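Enquirer: Handing you a structure now.
The values are calculated or read from the model by the stated rules, or taken from the named source; none is laboratory data. From a predicted model like this one, the values you see are computed outputs, not experimental measurements. No Cβ is skipped: glycine too gets one built from the backbone with ideal geometry, and neighbour counts run over all protein chains shown. Ligands, DNA and RNA are stripped out before the accessible areas are found, and what is left, the full protein with its side chains, is counted by its heavy atoms. Shrake-Rupley method; radii C 1.70, N 1.55, O 1.52, S 1.80 Å.
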Amino acid sequence: MNCGNRKKIQKKFKLWGYTLKVEALNEVLSFLSHYQDVPSQDEALDVLLDNLQHQSLKSSILDKDSVHGVASLLLKAQTAGAVEEDSSNCISSAALRIIDDIFIIPKFRYDPVKKFFYEHTGRIPIHGDASAKAFLYRDRFLLLLQRLYRDPDFSRPAFNSERSQFGSREISPIQSLVGLTGRRWVMGVISQLEDGHFYLEDLTAAVEINLSDAISSKWFVLENTIVLAEGEMLLDGIFQVKTCGFPPLENRDKSISAFPGIDFFGCGTLTKEENLRFADMEKRAVNDMFVVISDIWLDNKDTMTRLEEVLHEYDKQDVVPSLFIFMGNFSSHPCNLSSNSFSSLRSHFGELGQIIGACTNLMQQSRFLLIPGPDDPGPSTALPRCALPKYITEQFKKHIPNALFSSNPCRVKFCNQEIVFFRQDLLYRMRRSCLIRPSTEETSDPFKHLVATITHQSHLCPLPLTVQPVIWNYDHCLHLYPTPQTIVLGDKSEQKEFEYAGIKCFNPGSFSTDSTFVAYRPYNREVELSGLQKG
């Protein structure tokens, strides 16, 4: 292989979090030489990478022995015809990329002068200074503002002509409202600079607002959310809001085409040929299924009995699920220093590992991803949450060595489909913190209001920081831009499914409370709301 192919292999391994030594690179080249054409080599490379993730590697820097062992097994399987016999599993293995550590995804900031996103370079500290909090709101605001400027309804009209009988919806800077009369459109962040007094802030100024007569639509208007407000300035300097809404949602393809080549999701950019190959693989992966189970109380015997029943039923199937996603909480009560229950939770995870280990087919063909809940152990309750501590999961890993323990939220890419998993009791907190109740004209379903809120805000958790703290420097890990194809919102509320503007959203429900879970087929984005019968 030429130098270009060597660089291509090194880049692919880097996207998966690996660095190749020279001897390891030569071993990869030797493995790929057994395949004739480029598409076959690309697919074989994906299978090799996926199988490396199943190994208990001591380091992300790979040597010759690490690669040789996996490559030899794959070549033997190919010779025996095992690869052809189980082609559907090869598709899922090569196509499934899991970002189990959300803290490593790239951070992009929008430059309103150059009108482009630039990547933050260098180390990002966990403990940010005061400016980090200001940048949190600034980044959220600019993210939605650049999206808004591409919407024809809110762009500046040519030659001062009116867009319709209602006039232009051009956005006015808050600073320019002084001395102006008549109705204006402004965009800003709702903040409470004084107790009981709400303000609207943009990059130019802040103005006190009156929301008492404001009419909203299908979303939860909260403190910290970015809103489009129509109203007029009163003589006392207060902006009387008549209509309060969110910036319009932008189509995913339009967002990507506006800034091509930027990897917002964190799985790496793909060439046109790779995108076409993954699109074809996605169509053929008809047997792939993800099972999502949330709120698994390992200290509850009834819950464990029901979970064992579910796993054994799937183990009996001819084609087993390719991925199980277990979401917390993993205890019926908050696990913290005051509860002194770390050792018991550790042993309960060992019991869960034994249950899974008894399912032969699942052990051989399925993967397991575990995402912590809001009350699970961790260094803090701020988002994003890091993965469960190794001390807690050590007994489980002895039984299921290839299991992945992810941060919360977690991002998964299946072929070309981007999926975001987030475990947080959002709906209850949204309703408690709401400033303006959502309109019930279109729908009275609170889950649909929740989905509309997070997608229009391009943020998984637009709650006030006093309600849900966020690590200021890592707020970008909660962004939903461009919008992913699928969002899984693990919530203790009722099991729900909703497709909004082409985005598939669902809540698997609380397994410990309602015995509900979801089976998701990514190739056609079909959501099967499932559950065990009570009694």
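Enquirer: At a 1.4 Å probe radius, carbon and sulfur cover how many percent of the accessible area of the range 201-320?
Expert: Of all accessible area on the range 201-320, carbon and sulfur atoms account for 50 percent.
Enquirer: Could you estimate the translational diffusion coefficient of the chain from the Stokes-Einstein equation, with Rh from the Kirkwood formula over C-alpha pairs, at 25 °C and 0.890 mPa s, in whole µm²/s?
Expert: So the translational diffusion coefficient is about 98 µm²/s.
Enquirer: Rolling a 1.4 angstrom probe over the protein heavy atoms, how many square angstrom per residue are accessible across the chain?
Expert: Value for the chain: 46 Å² per residue.
Enquirer: For the ranges 315-324, 193-202, what's the packing order if you count other beta-carbon atoms within 10 Å of each residue, average per peptide, and put the highest first?
Expert: 315-324, 193-202
Enquirer: From the gyration tensor of the Cα coordinates in the range 428-535, what semi-axes in whole Å does the equivalent ellipsoid have, largest first, with each one equal to sqrt(5λ)?
Expert: Equivalent ellipsoid of the range 428-535: 24, 18, 16 Å, largest first.
Enquirer: Sort LYS21, LYS390 by accessible area with a 1.4 Å probe, largest first.
Expert: From most accessible down to least: LYS390, LYS21.
Enquirer: As an exercise, use a Förster radius of 22 Å and the Cβ-Cβ distance of LEU73 and LEU29 to find the FRET efficiency, rounded to the nearest 0.05.
Expert: E(calc), rounded to 0.05, equals 0.80.
Enquirer: Given the convex hull of the Cα atoms of the range 320-475, what is a quarter of its surface area in nm²?
Expert: Projected area, direction-averaged: 11.7 nm².
Enquirer: Relative to the Cα centre, what is the charge dipole magnitude of the chain, using +1 at the beta carbon of each Lys and Arg, -1 at the beta carbon of each Asp and Glu, and rounding to the nearest 20 debye?
Expert: My answer is approximately 1060 debye.
Enquirer: Starting from the 7 Å offset along Cα-to-Cβ, what nm value, one decimal, do you get for the label separation of MET363 and HIS312?
Expert: Here the modelled spin labels are 1.6 nm apart.
Enquirer: With every protein chain kept in the model, how would you rank ARG147, ARG169 by accessible area, 1.4 Å probe, largest at the top?
Expert: Final ranking, largest accessible area leading: ARG169, ARG147.
Enquirer: Sorted by packing (mean other beta-carbon atoms within 10 Å per residue), highest first, where do 353-362, 281-290 land?
Expert: The peptides rank, most packed first, as 281-290, 353-362.
Enquirer: Also, quick follow-up: Restricting things to alpha carbons, tell me how big the range 204-260 is in terms of Rg and Dmax, in Å.
Expert: 14.8, 47
Enquirer: Continuing with this model, one more query. Setting aside same-chain residues fewer than 8 positions from LYS504, which lysines have a Cα under 16 Å from its Cα?
Expert: LYS413, LYS448, LYS496
Enquirer: Which percent of the accessible area of the range 419-535 is formed by carbon and sulfur heavy atoms (probe 1.4 angstrom)?
Expert: The nonpolar share, carbon plus sulfur, comes to 42 percent.
Enquirer: Restricting things to alpha carbons, find the Rg to Rh ratio for the range 344-417 using the Kirkwood radius for Rh.
Expert: On the Cα set of the range 344-417, Rg over Rh gives 1.00.
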